[in-house]
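Visitor: The structure that follows is given in the form of structure tokens.
The values are calculated or read from the model by the stated rules, or taken from the named source; none is laboratory data. Remember, it's a predicted structure, so these values are computed and weren't measured experimentally. Neighbour counts run over all protein chains shown; Cβ positions are idealised from the backbone, glycine included. Ligands, DNA and RNA are excluded from the accessible area calculation, which covers all protein heavy atoms including side chains. Shrake-Rupley method; radii C 1.70, N 1.55, O 1.52, S 1.80 Å.
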Amino acid sequence: MSSAAEALAGAPLLLAVVAAALISALVTWISRPLLQRYALARPNARSSHRIPTPQGAGIAVIAATLIVASLWAASANVAIPPALVAATVVIALVGFADDIVSLPVLVRLALQASCVGAVVFTAPETARIVPALPLALERGLVVLAGVWFVNLVNFMDGLDLMTVAEVVPVTAALLLLGMFGDLSWPALLIAAALCGAMLGFAPFNRPVAKVFLGDVGSLPIGLLLGWCLLELAFRGQPAAALLLAAYYLADTTITLFRRIIRREPFWSAHRTHFYQRATDSGFTVKRVIAETFALNLVLALLAIVTVRAGSTAITMICLIAGAAAVAFVLRRFAGAQPA
């Protein structure tokens, strides 16, 4: 790590968050009329919104993230992997195309796998999670997990502020861990910029949303967030990475297997995620978002404790506590009526 990078700790990193928030908010505000005209998401049986709403504000979020992270990295002589930047742009273009003209499932998956693979297979050979596995096998499994993570972020982006309620606590936790020295500087800069960009987008997406991220936002957000979590795992903290993503992983994976068991076309759009079932059973959008945000704050705290404690026993306790917290919220979302 360079001396310039060390100088980025503390207040300057918070300036990066603020800069990304301002750019994201400005670009979202400027682009809304254009999105209203060319990228309108009309309600259907699987939608959570009831009026036609422009989508595609993810362009602002991704632009703000890459611009701010790249400028901060250049000023500190820190290298953000070129493959990550290129893959983010490509996967955003894939999402934009899918927002405008729906792409075939296999085409989407092939392009996503190519982007994730480019990021994973260009990582240093010394970056390992399970050294006992052959490198090629481990990287192949990471690619599969990465494609799933990119898609699950997209799947969960079906409610106003839902992605904000996930990404902000996770990136804030990564920012804190990075300031403690537990995350690589490139990942720290990406996390800080993405946190700010999502905060800048949030006022436009609060219920009732004025604009949506669209696939152009949710897919590359999944790639960037997944890469930051992978970097955390590469630094010997897979339990913390798992805790930070636990709610999204649980909701989407359980829903997928439930649909497979019921012999439903699991690749098609639906409204059976736990958070969607919660709104269908009487929870307001604001209540679902508040409980999701609170859960992610708990998971973020557990992840930080896991990393800072450096104890196997504490790690196991935090994993059990995280699983219990996720199970509690999923049970509430599955059908419990609000008080």
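Visitor: Just to confirm my filter: which helices (runs of 4 or more DSSP H) fall fully inside the stretch 204-268 and include at least 2 residues that are open to solvent by 40 Å² or more (accessible area, probe 1.4 Å)?
Guide: Details: elements: 215-234, 238-244, 246-261.
Hits in the stretch 204-268: 238-244, 246-261.
Visitor: Let me ask you something else. Among the polar types (S, T, N, Q) and at pLDDT below 90: is that true of S281 in this structure? Lay out the reasoning, then the answer.
Guide: Working: among the polar types (S, T, N, Q): yes; at pLDDT below 90: yes.
For S281, the condition - among the polar types (S, T, N, Q) and at pLDDT below 90 - is met.
Visitor: Write out, first by first residue and then by second, each pair whose Cβ atoms fall under 6 Å of each other, whose residues are 6+ apart or on separate chains, and whose first residue, in the stretch 316-328, is free of Cβ contacts under 8 Å to residues at least 24 places away in the same chain while the second is among the small types (G, A, S).
Guide: none
Rundown of residues vs (1) within 22 Å of the chain's Cα centre (by Cα); (2) under 13 Å from F201 (Cα atoms); (3) modelled with pLDDT under 60, yes/no style:
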{"position": "L14", "(1), (2), (3)": "yes, no, no"}
{"position": "A20", "(1), (2), (3)": "yes, yes, no"}
{"position": "L34", "(1), (2), (3)": "no, no, no"}
{"position": "L40", "(1), (2), (3)": "no, no, no"}
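Visitor: Hey, G140 hits all of (1) modelled with pLDDT of 95 or more; (2) in contact with a Pro (Cβ under 8 Å, 6 or more places away or on another chain) but one; which does it fall short on?
Guide: For G140, the exception is condition (2).
Visitor: Would it be correct to say that A303 is in a helix (DSSP H, G or I), within 21 Å of G236 (Cβ to Cβ) and among the aliphatic types (A, V, I, L, M)? Write out each step before concluding.
Guide: Details: in a helix (DSSP H, G or I): yes; within 21 Å of G236 (Cβ to Cβ): yes; among the aliphatic types (A, V, I, L, M): yes.
Yes: the conditions hold for A303.
Visitor: Is there any pair with a first residue in the stretch 97-109 that is of a type in the set (S, T, N, Q) and a second that is at pLDDT below 90 and open to solvent by 60 Å² or more (accessible area, probe 1.4 Å) whose Cβ atoms are under 9 Å apart and which are 6 or more apart or on different chains, and what are they?
Guide: Final answer for the pair search is none.
Visitor: Also, I was wondering about something else. Identify all residues within the stretch 269-300 that are closer than 16 Å to V329 by Cβ and outside any helix (DSSP H, G or I); write none if there are none.
Guide: H273, S281, G282, F283, T284
Visitor: Also: Within the stretch 183-203, which residues are of a type in the set (G, A, S), crowded, with 23+ Cβ neighbours inside 10 Å and within 23 Å of I30 (Cβ to Cβ)?
Guide: Kept after step one, since they are of a type in the set (G, A, S), are these residues of the stretch 183-203: 184, 187, 191-193, 196-197, 200, 202.
After this cut, where a residue has to be crowded, with 23+ Cβ neighbours inside 10 Å as well, the list is 187, 191-193, 196-197, 200.
Correct list: A193, G196, A197, G200.
Visitor: Please determine whether any residue of the stretch 262-273 is farther than 22 Å from L176 by Cα, free of Cβ contacts under 8 Å to residues at least 60 places away in the same chain and among the β-branched types (V, I, T).
Guide: Of the residues in the stretch 262-273, the ones farther than 22 Å from L176 by Cα are 262-273.
After this cut, where a residue has to be free of Cβ contacts under 8 Å to residues at least 60 places away in the same chain as well, the list is 262-266, 268, 272.
Checking the rest, the ones that are also among the β-branched types (V, I, T) come to 272.
Yes, the stretch 262-273 contains at least one residue that is farther than 22 Å from L176 by Cα, free of Cβ contacts under 8 Å to residues at least 60 places away in the same chain and among the β-branched types (V, I, T).
Visitor: Let me ask you something else. Which residues, counting only those in the stretch 278-297, are open to solvent by 70 Å² or more (accessible area, probe 1.4 Å) and touching a residue at least 24 places away in the same chain (Cβ under 8 Å)?
Guide: Filtering the stretch 278-297 down to residues open to solvent by 70 Å² or more (accessible area, probe 1.4 Å) leaves 280, 284, 286-287, 293, 297.
Across the stretch 278-297, the qualifying residues are T284, K286, R287, F293, L297.
Visitor: Restricting the first residue to the stretch 160-186 and requiring it to be under 19 Å from I221 (Cβ atoms), which pairs with a second residue that is of a type in the set (S, T, Y) and open to solvent by 10 Å² or more (accessible area, probe 1.4 Å) meet a Cβ separation below 8 Å and a spacing of at least six or different chains?
Guide: D160/S48; G178/S184
Visitor: Given the options F283, F274, name the one that is in contact with a Phe, Trp or Tyr (Cβ under 7 Å, 6 or more places away or on another chain) and of a type in the set (F, W, Y). So that I can check it myself, show each step before the final result.
Guide: On the way: F283 fails: in contact with a Phe, Trp or Tyr (Cβ under 7 Å, 6 or more places away or on another chain).
Checking each option against the conditions leaves just F274.
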